[in-house]
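Colleague: What follows is a structure written as C-alpha cells; I'll ask about it next.
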Amino acid sequence: MTATTPLSGTRHLTAPLILIGAPGAGKSTVGRLLAERLGCDFIDADEVIEAREGRTVRDIFAYDGEPAFRELERVVTLDLLDRAAVIGLGGGAPMTPAIQEALAGHTVVWLEVAAGHAADRVGLNVARPLLLGNVRGQMRKLLEARLPTYAALATHRVATDELTPDQVADAVIDLVHPTLQEPAMPEAIDVHAEHPYSVLVGPGTLAELPALVGDTRRVAVLHPAALADVARRISAALSAETALVELPDGEQAKTVQVLAACWDRLAEAGFTRSDLVVGLGGGATTDLAGFVAASWLRGIRFVTVPSTVLGMVDAAVGGKTGINIPAGKNLVGAFHEPIGVLCDTDLLRTLDQRELRSGMAEVVKCGFISDPRILDLVEADVADALVPAGERQTEVIRRGIAVKARVVSDDLRERTSTAGAIGREQLNYGHTLAHAIEKREHFQWRHGEAISVGMVFVAEVARRLGLVDDALADRHRTLLEAVGLPTRYDADAWPELRATMALDKKNRGTTLRLVVLRGLAEPTIAEAVDEDLLAEAYAATCR
Ligand SMILES: NC(=O)c1ccc[n+]([C@@H]2O[C@H](COP(=O)([O-])OP(=O)(O)OC[C@H]3O[C@@H](n4cnc5c(N)ncnc54)[C@H](O)[C@@H]3O)[C@@H](O)[C@H]2O)c1
Ligand SMILES: O=C(O)C(=O)C[C@@H](O)[C@H](O)[C@H](O)COP(=O)(O)O
C-alpha cells in the first residue's frame, strides 16, 4: 500500500462550512468527502429534520405542507450554525429570510449545477417533493427562482458540471483554505523510563503515525468497532502491510480468549520481531494491544493511539498492559513501554457524555495526587472541561499526562513504596476499591466511575486517619459529583469488596496497602489500616 491518504486534515474548521445549491448539486456526496478530509462531521440538514420528526421530508411536505417544513428547516439550520462541521443545507433553505440573515458572516459555498445536469443526477427521485412530475421542467423553474439568492449568499462558488465529486471537494478545500485554522503545534511530553519516548498531544497528531512506524514491514492495528473508520484511514496512510484486527468492545477485549485470537492473527500474517502493533482505542483496547505486543515473540514494538480521555491521560502512557481474569482486574499482564503515544484530541469528538465523564475521573485523580491546578480548572467550569477537544479539556488532559509521565519516568516497574517515598503506586489512588467494584459488576461499570467511588472511599479513610481535613475530604465528592460521576455504592457489598481487595497488586503478604493523601498533592501509603476504620469509611462513602 502507498502513503496517499492524509490521516488528519492539515488544517481545521473552527466554524461551519456550509454547502448550498440545487437538488442534485452534490451537497451530500461532496460534503462527506470534505468532512473526511477535514477530519470533522458532515451534517445533512434534511437528515437532522427527518431524525427529529421521525418522518421523511416527503411525508412532512405531503401531510403538513411546505410552510410547516420550512419552519422546521429554519429551526434546525439555526441550531446547526454553531457546529464546526460541514453542513449541507436543503436546496430551498437559503430562500427563508431568517436563514439568509443567519448565514451572514459564515463560509457559504455554492455548488453550481446546470438544470440539465441536476435533473439527470436527481433522476426520478420521489423523495424530492418539489420535483415531482416533469423533473427537468421543475428543476429549471426552481433554479431560476433560487439562483439570485444562492449568488447573493455564497462567499465561494464551484461550478460542478464537469467535475467529479473528488475534484469538487478539492476545489472547495482550495477556496476555503485561508479560513481554516492552522493545526496547533502538538505538545510533546517526554517519558524517560527504560526506553524514552514522546507523548504527542493535540489535534491531528495521528498524522505522525507514518513517521513513527517508519519502514516497518507489517503493522497490526487493534481497534474496537467504534474506531473502524479511523483504522481504515491508518491503513490507507501507511506503506506497511496492515492487518486490521477488530476487537470486542471495551472491557470484553481484555480476556485471555481475545489475547489468544490476536496471537493467531499475528501468526497468520507472519509477524516477526521487526513488526509492530498499534493499539487504537480506549484504555481497554490499548491494555490488550500492549499485552499482545509484549507477549508476541516475547515482545515487539508497540504504539498507542488513545481515543478516550481516560486512555490519553492514563492508560496509553507508562507501559502497564494486561487483561482481566474472573478473579479480578488486570491480574495478568506485563510492563511493556510503547515507542510512541499519539493523543489526537480530534478523536475525542465522537465520545459520548458517559465516556467523557468517566475519563475525567483519572484527570481528577492526577489533580488530587500531584497537580491541584487540574482541580481548579475543572471546578471553574465543569461543563467546559467536558467539551470534547475543547481548550480546557485539552489543558487538563495535557497536565494529567505530564503527571503520569513524571511518575512512570521515575518508577516504571512500580517498586514497593514506603510512607516517606511513594513511586508509581500513587497512580493507584482510588483503585483498590474501584477494581473490586469492577469485578463485582462483571466489568460492566466504566473504569472512571469505579475510580470515582474509590477516591471518595480513600478520602474517607484519610479523614478518619487524621491525614486530611474535612475540606479536602469533602472536595472529592463535591467535585466528582459535579463532573456527573457516581460517588456511592451498595452499602451491603463491603464484605465481598473487602475480600476481593485481598488480591490487590499493592498488597504484600496479607497486608492491605492503600494509597491515601496526607495533604493536597501529597500521596502516601497507608498499611494495615484498622478493619473497623475501613468499614466505617466505606459506610460513609455509601451514605
Ligand atoms: N494501563 C494503564 O496504565 C491503565 C490506566 C488507566 C486505565 N486503564 C484501563 O483502561 C480501561 C478503561 O479505558 P476507557 O475508559 O478508555 O474504556 P474503553 O477502552 O472500554 O473505551 C470506552 C468505550 O468508548 C468507545 N470508544 C473509544 N474511543 C472512542 C471514540 N473516539 N469515539 C467513540 N467511542 C469510542 C469504546 O469502544 C468503548 O465502548 C480499563 O480497562 C482500565 O483498567 C489502564
Ligand atoms: O499506571 C499505573 O501505574 C496506574 O496505576 C494507573 C491506573 O490508573 C490504571 O487503572 C492501571 O491500569 C491500574 O493498574 P493496576 O496495576 O492496579 O492493575
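The values are calculated or read from the model by the stated rules, or taken from the named source; none is laboratory data. Note that this is a predicted model, so its numbers are computed, not measured. Neighbour counts are summed over all protein chains in view; Cβ atoms, including those assigned to glycine, are modelled from backbone coordinates with ideal geometry. Ligands, DNA and RNA are stripped out before the accessible areas are found, and what is left, the full protein with its side chains, is counted by its heavy atoms. Shrake-Rupley method; radii C 1.70, N 1.55, O 1.52, S 1.80 Å.
Colleague: Between Arg52 and Leu175, how many nm apart are label points set 7 Å from Cα along the C-beta direction?
Modeller: Taking the two extended label points, one gets 2.7 nm.
Colleague: Please report the spacing between the Cα centers of segment 163-232 and segment 248-309 in Å, no decimals.
Modeller: Each part reduced to its Cα centre gives a spacing of 20 Å.
Colleague: Once you compute Rg and the Kirkwood Rh from C-alpha atoms, what is the Rg to Rh ratio for segment 414-542?
Modeller: 0.93
Colleague: Give me the net charge of Ile451's neighbourhood, meaning all other residues with Cβ under 10 Å from the Cβ of Ile451; Lys, Arg count +1, Asp, Glu -1.
Modeller: -2
Colleague: HN-Hα J couplings of segment 213-221 from phi, Karplus 6.51/-1.76/1.60, θ = phi - 60°, integer Hz, Gly and Pro as x?
Modeller: 6, x, 9, 3, 6, 10, 10, 9, 9
Colleague: Just by accessible area at a 1.4 angstrom probe, what is the order of Trp445, Trp263 from largest to smallest?
Modeller: Highest to lowest solvent-accessible surface, that is Trp263, Trp445.
Colleague: Please state, as a whole number in µm²/s, the translational diffusion coefficient that the Stokes-Einstein equation yields for segment 351-415 at 10 °C and 1.306 mPa s, with Rh defined as the Kirkwood radius across alpha carbon pairs.
Modeller: 131 µm²/s
Colleague: Report the extension gain between Arg354 and Glu246 in nm, rounded to one decimal, defined as 0.36 nm multiplied by the number of residues separating them, less their alpha carbon distance.
Modeller: Additional length available on full extension: 36.6 nm.
Colleague: Give me the three principal axis extents of segment 404-467 from the C-alpha atoms, as integers in angstrom, largest value leading.
Modeller: 33, 29, 17
Colleague: Right, something else. Tell me the volume per residue, in Å³, of the convex hull enclosing the alpha carbons of segment 2-179.
Modeller: 121 Å³
Colleague: How much length, in nm to one decimal, is gained on full extension between Thr418 and Ala380, taken as 0.36 nm per residue of separation minus their Cα-Cα distance?
Modeller: 10.2 nm
Colleague: Then there is this: Going by accessible area, probe 1.4 Å, with all protein chains left in place, what is the ranking of Lys439, Lys254, largest first?
Modeller: From most accessible down to least: Lys439, Lys254.
Colleague: With viscosity set to 1.002 mPa s at 20 °C, what whole-number translational diffusion coefficient in µm²/s follows for the chain from Stokes-Einstein and a Kirkwood radius over Cα pairs?
Modeller: For these conditions, the coefficient is 84 µm²/s.
Colleague: Hey, can you find the accessible area per residue of segment 414-542 for me, probe 1.4 Å, expressed in square angstrom?
Modeller: 38 Å²
Colleague: Where does segment 477-543 land on the Kirkwood hydrodynamic radius, alpha-carbon pairs, in angstrom?
Modeller: Result for segment 477-543 stands at 13.5 Å.
Colleague: Efficiency by 1/(1 + (r/R0)^6): what FRET value for Asp41 and Ala521, r their Cβ-Cβ distance, R0 = 51 Å, to the nearest 0.05?
Modeller: 0.85
Colleague: About its Cα centre, what dipole magnitude does segment 2-179 give when the only charges are +1 on Lys and Arg Cβ and -1 on Asp and Glu Cβ, stated in debye to the nearest 20?
Modeller: 240 debye
Colleague: To the nearest 20 debye, what charge dipole does the chain have about its Cα centre, counting +1 at the Cβ of each Lys and Arg and -1 at the Cβ of each Asp and Glu?
Modeller: Result for the chain is approximately 700 debye, rounded to the nearest 20.
Colleague: Hey, another quick one. Quote the FRET efficiency, to the nearest 0.05, computed for Ala471 versus Glu395 with a Förster distance R0 of 35 Å and r equal to the Cβ-Cβ distance.
Modeller: 0.90
Colleague: So what's the back-of-envelope 222 nm ellipticity for the chain, counting only DSSP H runs of four-plus at -39500 (n - 2.57) apiece and dividing by all residues, rounded to 500?
Modeller: -14000 deg cm²/dmol
Colleague: Let me ask another. Describe numerically, in nm with one decimal, the distance between label points set 7 Å from Cα along Cα→Cβ at Met185 and at Arg406.
Modeller: With each label point 7 Å from Cα toward Cβ, the separation is 2.2 nm.
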